[in-house]
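Where a number appears in this text, it was derived from the coordinates with a stated rule and is not lab data. Quick caveat: nothing in here was measured; it's all calculated off a predicted structure. So basically every Cβ, Gly included, is an ideal-geometry build from the backbone, and we count neighbours across all protein chains shown.
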Amino acid sequence: MVGRRRTVGRDARRSGLGALRVRKGVACAAVGEGRCGALVLSICSRFGVVVLLCCLALWTEYLNLKIGYNNARLVELSSGVAMRLFYEFSDAFFGFFGEPVAAAQANAGMTWSIRLAGVPFTDPLALLSLALQDRVAEVGFVLGAIIPLALASTCGRVFCSYICPASLLFFSIGRLRRRLGDFFYFPEVGANRGLAWGVLCGGLALSLVAGHGVWILILPYFAMGQTIFHSIAFGTLSVALFSLIACALLDLFLGYQFTCRNVCPTGRLLGRIGSRALVAVRRDASECVDACTACADVCPFRVNPKLDETRDCSLCGECAVICPTQCLTLGGRKK
Ligand code: SF4
Ligand code: SF4
Ligand code: SF4
């Protein structure tokens, strides 16, 4: 493998930009050689989060039925046979873990604040907003922020590529934009770091006046969670859907992953917390091709691994897949 890698590196260096023309072939080779692990994992884990959000909405419905009726026959009379089957299945499922109501309540919430198997997870932004507004925060809420903050400090924006459900939408819009780019012109508006900080300050100020609900319209992943919850638990559309549509349009017409790079305050905050992350993309400079810019071009957060940049890296692995000489890996950051 090492010998082959060296040969590819020499060929790529010799051919310079020619290496970029075979980018598609490189990506295909990456699939064959199993270099897509991080990318596949990141896509699968985000799908998993979407499924989890759907389950949380269903479990809320189960809790309502359990507390309201606690009887399968009554559930059928009030909501139909399908709901009875769902109720019985949930009863058996949660009964497997102990007392059904307690087991269901140990798994509840949304991306903003969630409890899984009784372990709380809190969005650091939620904590900030709550602390500013109420000047005091529940102990469980504070403890819930420890894991997300530790994750951001060690692995940077890993939340963006492995957990954030909204990023799946932006990932898809990015690919659509590339496809449509063959037929239409789409401008690429430059990144502006200050905008997301402005959105963060504006959101905090607005939440002081109008309450925490404003974050549903500001944070794309919160909007995604609300949209899923409303459609499953209530059978209605949430106003958050309009916020998601607006973000999708920004991505389509203003730039690749525009919302994540310029607007989302959580992305900017995580990037700042993880600016000295221990794990990031690493480059073997001896194998890098002078005329190549493939890694920077493909990066959703416009990190440039060629310049050994790591700030804002989400460990998505897209650059490692596209690199013609396989000189990018994800691992401990260089000193
Ligand atoms: S920047 Fe925001 S919306 Fe984009 S992936 Fe990260 S958390 Fe999700
Ligand atoms: S530098 Fe590579 S691994 Fe990091 S975010 Fe960009 S494409 Fe993903
Ligand atoms: S590290 Fe980036 S610039 Fe260097 S060869 Fe790989 S893709 Fe090209």
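Quick look at the values:
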| item | result |
| --- | --- |
| Pairs where the first residue, in the range 287-306, is on the phi > 0 side of the Ramachandran plot and the second is of a type in the set (Gly, Ala, Ser) and within 16 Å of ligand 1 (Cβ to nearest atom), C-beta under 8 Å, 6+ apart | ARG302/ALA191 |
| Checking THR227 against (1) surrounded by fewer than 24 Cβ atoms within 10 Å (Cβ to Cβ); (2) within 15 Å of ligand 2 (Cβ to nearest atom), the condition it does not meet | (2) |
| Selection from the range 272-293 of residues that are within 16 Å of ligand 1 (Cβ to nearest atom) and closer than 13 Å to LEU151 by Cβ | ILE273, GLY274, ALA277 |
| Within the range 265-335, helices (runs of 4 or more DSSP H) holding 1 or more residues that are surrounded by fewer than 20 Cβ atoms within 10 Å (Cβ to Cβ), small (Gly, Ala, Ser) and within 10 Å of ligand 2 (Cβ to nearest atom) | 294-298 |
| Enumeration of residues in the range 149-190 that are charged (D, E, K, R) and more than 23 Å from ILE245 (Cβ to Cβ) | ARG157, ASP182 |
| Those residues of the range 138-186 which are basic (Lys, Arg) and surrounded by 15 or more Cβ atoms within 10 Å (Cβ to Cβ), in sequence order | ARG157, ARG177 |
